[in-house]
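The values are calculated or read from the model by the stated rules, or taken from the named source; none is laboratory data. As the structure is a computational prediction, the values presented were derived from the model and not from experiment. Cβ atoms come from the backbone with ideal geometry, glycine included; neighbour counts cover every protein chain shown. Calculation scope for accessible area: heavy atoms of the full protein, side chains included, ligands and nucleic acids excluded. Shrake-Rupley method; radii C 1.70, N 1.55, O 1.52, S 1.80 Å.
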Amino acid sequence: MEQLALKDPKVIEERKEFISTKGAQKQQVKCDEDSVAGSISQRACVFCGARVVLNPITDAIHLVHGPIGCASYTWDIRGSLTSGSNHYRNSFSTDMKEKDVIFGGEKKLAIVIDELVEKYKPKLIFVYSTCIVGVIGDDLEAVCKKQAQKYNIEIIPVQSSGFIGNKSAGYRAACDALLRLIAPAPQEQLTNNGETSQPKEVKKKSKTINYLGDFNLAAEAWIIKNYLKEIGVEINVTFTGDSDYVSLKKAPEASLNIIQCAGSMTYLAKKMEEIYDIPFIHISFLGIEDTKESIRKIARFFNDPEIEQKAEQLIARELKTIESQLDWYKQKLQGTKAAIYVGGGFKAISLLKQFKELGVEVVMVGTQTGRKEEYQTISELATEGTVILDDANPTELEQFMTEKGADLLVGGVKERPLAYKLGLAFIDHNHDRKHPLSGFVGAVNFAKEVYSTVCSPVWKYV
Amino acid sequence: MKKTVTQHHKNVNENPCNMCMPMGGILPFKGIEGSMVIMHGSQGCSTYMRRHMAEHYNEPIDVGSSSLNEKGTVYGGEKNLKTGLQNIIKVYQPKLIGVLTTCLAETIGEDVERITADFKKEHSDLSAKIVPCATPGYGGTQFEGYFLTLKQILKHLTKPSESHDKINIIVPNISPADIREIKRILQVMEIAHTIFPDYSDTLDRPYERPYKKIPDGGTTIADIVKMSGAKATIQFAAMVDDELSPGLFLKEKYGIELHNIPIPTGLESTDIFLHTLSSISGKEIPQTIQQERGRLLDCMIDSHKYNAEGNAVIYGEPEQVYAITKACLENGIIPKVVATGSKTTKLKAALQPMIEQLDMGIEIVQETDFSVIRSLSVKHHVNLAIGHSDGRYLTEQEGIPLVRHGFPIHDRVGGQRLLSVGYTGTTMLLDRLTNTLLENKYNQYRTKMYKEYYEKNFLIGS
Ligand code: SF4
């Protein structure tokens, strides 16, 4: 199969190493590189990566230092739910104009912060840098520091200039901002008495965990929180879905970090292990197998028979409620072939597993920003002949889905119209979905969505 | 006189009402046969814009990017852009390539005119035409970007040609269904024409196999070249500043008579369009169209009393805002708040006389954002919002129902199918407006009356 791809004149030369076929080639796909110019990459930028990670922090002001477009396109970009403030759902911008580009935007940034503090009295402001801020060299750090001191609040610059890498670099910028945020405040700032002293000692709470890499899309973080509560494990704070200034400050107190979205949060977890001595494990609540395994993994970590027993009870009960529903869908979906093209490797991996659970064959799988280890896992999970590709474009997606006879594509907003034009079913796995895909209930929702699109009567007519 | 005209002076932009310049530049190219676009800048810009357009039009939107990275930003992006052009030519074989700049390319001083001219020299066998446009994101909104690009295309493609019988019809950002309606009217009147740009087929294409990377349709390049010899130009750009006016360019360079009129939405504006057509072509307005006018009048009478209860906020691109405001005024809906994110000198001047006549407190704001629009809407007890999807927060936060109109519509399907021009389109638009008022009234009427006349008088204190 890979021969076809290599011979096709339409495949861009520089892209060849980013495409492989399971079984046909020894070497792995290349990944984690800049996009090829003119390849119509589906990727976003560094700023976008940072924004999607930090945006769910509910009571923060998210201020985009840059021209208006960047703020406009990322306004309320995630369907993250909140139990508290709604502040995060606004999009603030310094709205840089030509003269700010020529003379520098620092002054305007400072004034905008003044206005925002006066109007909203926030505890926390994130200031995101965009492409041109990086080029004209505004000193974000200095402006933020000065204004933070002036108002005695936290103003954290996010170094997310669009061109300094791809979305993963943005994840990292977000994690760096989070690390600054959770650093225990020096005593002087807490008491405000002017004395300087050492950072306060972190008190560890047992059996509490931080849940990293869940953005509470369609209540997903809440679903997991309930599961864990039931087995006797308390969530300290979620990064970053439905989190806020106060809860994030307590992050160092947890005794374990669990990571759902590995792409965005592994770096943060490693750093937290280094600084606060919090161990981490990777989990996934997407699909039944992963959900079961993850609950057990967490229970085992605490080495407490009561927790383990409760975990088993929860799993048994939940499985019983969904079993017959899933069987029905499985039957309907027999013989279906799926293609996957999503943002991160973690998502692709869990989708591969979920399709396996549903008895659906995956014929193509790719990601925008998957990492080497993730492609390794993808390759292990994929069946012989599956096309694996990194940073694909519409032409490649079209070609391989057609060649491989896919019935269904899982992707984001940009991929949807392409799938439909090709007469394929489609699953939205984007930031904005309105139904949870996590946990046991999520597994049913997923199956239901696959069914509703694959088995729609519309395909009879095309 | 109670009219007020407010300028909005604050520095922070809180929830943008507009997008950036290159976004507007994509659309004209999508309305030309066989064309592709590449954006010179970082990957994110093109991805955001593709996403917005894909959601609005429900069509695949292939737009390239030169994917500028750190190196390109420091040492110049010429190489990236040229590679990008090559790759696009290889994969898409376009007849025309639009090159749009972004903030980043402009800030580092990329000269796309020169780079593309060099590229053409280096590839003497190149059959594709290239039109470079400098569209810095911070230089204006998508509205200005759209017209600037149209003008730039004309500058690059038109050549002196023999006089012919066609009328140039230059359209602003209206829906594909609107363009199709304008074409139908021209066909019914048997008037030869060149619609520029014409994305009625490319951004609202029928389902067909096999899939075409570049959809059929669009203004032909041959027709654009010959727009210089047309009988006259009708341009729906009454709000566009002279230096951005493509029609004015044709007039000044080739002496083509220009009729710059509003979008034909509403009775009066449609009358103007038809009379202009009639006077240029010497043809009578046919019976069928007269009947459509009669039907619109009938619709206006049917709904006039309901409309009298409408206090509207109208926001979006100046041209649309003007057209809708006029349509509201002639139907008895009071446009309490008229707002645009663009900077325009014409909107206020054009609306002022009509509004003065009305003698009611009406505010016109420009270069504004949704924080201003929201507070003005509350202040004026607005009960109807008309504009693009980003105003959905008016409904969520203030309970003001929204009739979606303009671009982008990303939270509903069918942005590409909304019909609002001509007598027929106006009738459909008016029904949408009136029915929204009615729905809102009926939904609230029982509780409202109960609260007002029962609860207050009989329950309190009893
Ligand atoms: S404002 Fe500038 S940097 Fe932001 S999306 Fe628009 S062109 Fe790109």
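Below is a table of values for the structure above.
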quantity	calculated
All positions within segment B:161-177 that are assigned to a loop (DSSP other than H, G, I, E, B) and surrounded by 20 or more Cβ atoms within 10 Å (Cβ to Cβ)	B:171, B:172, B:173, B:174, B:175
Segments classed as helices (runs of 4 or more DSSP H), wholly inside segment A:215-281, with at least 2 members that are under 20 Å from residue A:173 (Cα atoms) and modelled with pLDDT of 95 or more	A:245-249, A:262-276
Checking residue A:413 against (1) crowded, with 24+ Cβ neighbours inside 10 Å; (2) aliphatic (A, V, I, L, M); (3) assigned to a loop (DSSP other than H, G, I, E, B); (4) under 22 Å from the mean Cα position of the chain (by Cα), the condition it does not meet	(1)
Of all residues making up segment B:178-205, the number that are over 22 Å from the mean Cα position of the chain (by Cα), part of a loop (DSSP other than H, G, I, E, B) and on the phi < 0 side of the Ramachandran plot	3
Failed item in (1) assigned by TED's automatic domain parsing to the domain that holds residue B:84; (2) under 21 Å from the mean Cα position of the chain (by Cα); (3) among the charged types (D, E, K, R), with residue B:129 passing the rest	(2)
Checklist (1) in a strand (DSSP E or B); (2) touching a Lys or Arg at 6+ places or on another chain (Cβ under 8 Å) applied to residue B:99, failing item	(2)
Positions within segment A:73-103 being within 9 Å of chain B (Cβ to nearest Cβ), under 20 Å from the mean Cα position of the chain (by Cα) and not in a loop (DSSP other than H, G, I, E, B), in sequence order	A:73, A:89
Residue list for segment B:201-246, filter: farther than 20 Å from residue A:398 by Cβ and hydroxyl-bearing (Ser, Thr, Tyr)	B:219, B:220, B:228, B:233, B:245
Single match in B:23, B:19 (criterion: more than 18 Å from residue A:41 (Cα to Cα) and either in a strand (DSSP E or B) or within 11 Å of the ligand (Cβ to nearest atom) (or both))	B:19
Scan of segment B:80-100 for residues that are more than 7 Å from chain A (Cβ to nearest Cβ), surrounded by 21 or more Cβ atoms within 10 Å (Cβ to Cβ) and either more than 26 Å from residue B:141 (Cβ to Cβ) or more than 16 Å from the ligand (Cβ to nearest atom) (or both), ordered by number	B:92, B:94, B:96, B:97
Residue within segment A:58-72 that is within 16 Å of the ligand (Cβ to nearest atom), of a type in the set (S, T, N, Q), over 29 Å from residue A:345 (Cβ atoms) and outside any loop (DSSP other than H, G, I, E, B) present	yes
Output for segment A:80-96, where each listed residue is over 26 Å from residue A:151 (Cβ atoms) and open to solvent by 20 Å² or more (accessible area, probe 1.4 Å)	A:81, A:83
Qualifying residues in segment B:44-79 (those that are open to solvent by 20 Å² or more (accessible area, probe 1.4 Å), facing chain A (nearest Cβ under 7 Å) and without any contact (Cβ under 8 Å) to a residue 40 or more places away in the chain) - the one nearest to residue B:20 (Cα to Cα)	B:51
Number of positions in segment B:111-139 that are modelled with pLDDT under 95 and within 13 Å of another protein chain (Cβ to nearest Cβ)	4
Some residue of segment B:43-63 being over 22 Å from the mean Cα position of the chain (by Cα), within 16 Å of the ligand (Cβ to nearest atom) and either among the β-branched types (Val, Ile, Thr) or outside any helix (DSSP H, G or I) (or both)	no
Residue that is farthest from residue B:408 (Cα to Cα), among those in segment A:73-83 that are of a type in the set (A, V, I, L, M, F, W, C) and within 16 Å of the ligand (Cβ to nearest atom)	A:77
Wholly enclosed helices (runs of 4 or more DSSP H) of segment B:338-427 bearing at least 2 residues touching a Leu at 6+ places or on another chain (Cβ under 7 Å), farther than 18 Å from residue B:323 by Cα and open to solvent by 40 Å² or more (accessible area, probe 1.4 Å)	B:392-398
Criterion (open to solvent by 30 Å² or more (accessible area, probe 1.4 Å) and either modelled with pLDDT of 95 or more or not charged (D, E, K, R) (or both)) met by exactly one of A:166, A:193	A:193
Qualifying residue in segment A:339-356 (condition: assigned by TED's automatic domain parsing to the domain that holds residue A:16, on the phi > 0 side of the Ramachandran plot and modelled with pLDDT of 95 or more)	no
Scan of segment A:11-57 for residues that are assigned to a loop (DSSP other than H, G, I, E, B) and basic (Lys, Arg), ordered by number	A:22, A:26, A:30, A:43
Filtered residue count, segment A:113-128, keeping only those that are within 16 Å of the ligand (Cβ to nearest atom) and either assigned to a helix (DSSP H, G or I) or of a type in the set (A, V, I, L, M) (or both)	1
So residue A:419, is it under 22 Å from residue A:20 (Cβ atoms), modelled with pLDDT of 95 or more and within 14 Å of chain B (Cβ to nearest Cβ)	no
Hey, residue B:116 within 14 Å of the ligand (Cβ to nearest atom), open to solvent by less than 10 Å² (accessible area, probe 1.4 Å) and β-branched (Val, Ile, Thr) or not	no
Those residues of segment B:131-140 which are open to solvent by 10 Å² or more (accessible area, probe 1.4 Å) and not in a helix (DSSP H, G or I), in sequence order	B:134, B:136, B:140
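Condition check ((1) open to solvent by 40 Å² or more (accessible area, probe 1.4 Å); (2) away from the ligand (no atom under 16 Å from the Cβ); (3) assigned by TED's automatic domain parsing to the domain that holds residue A:51) across all residues:
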site	(1), (2), (3)
A:130	no, no, yes
A:145	yes, yes, yes
A:153	no, yes, yes
A:157	no, yes, yes
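Listed here are the residues, each with its yes/no results for (1) buried (at least 24 other Cβ atoms within 10 Å of the Cβ); (2) within 14 Å of the ligand (Cβ to nearest atom); (3) free of Cβ contacts under 8 Å to residues at least 24 places away in the same chain.
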residue: B:102; (1), (2), (3): yes, yes, no
residue: B:111; (1), (2), (3): no, no, yes
residue: B:121; (1), (2), (3): no, no, yes
residue: B:147; (1), (2), (3): yes, no, no
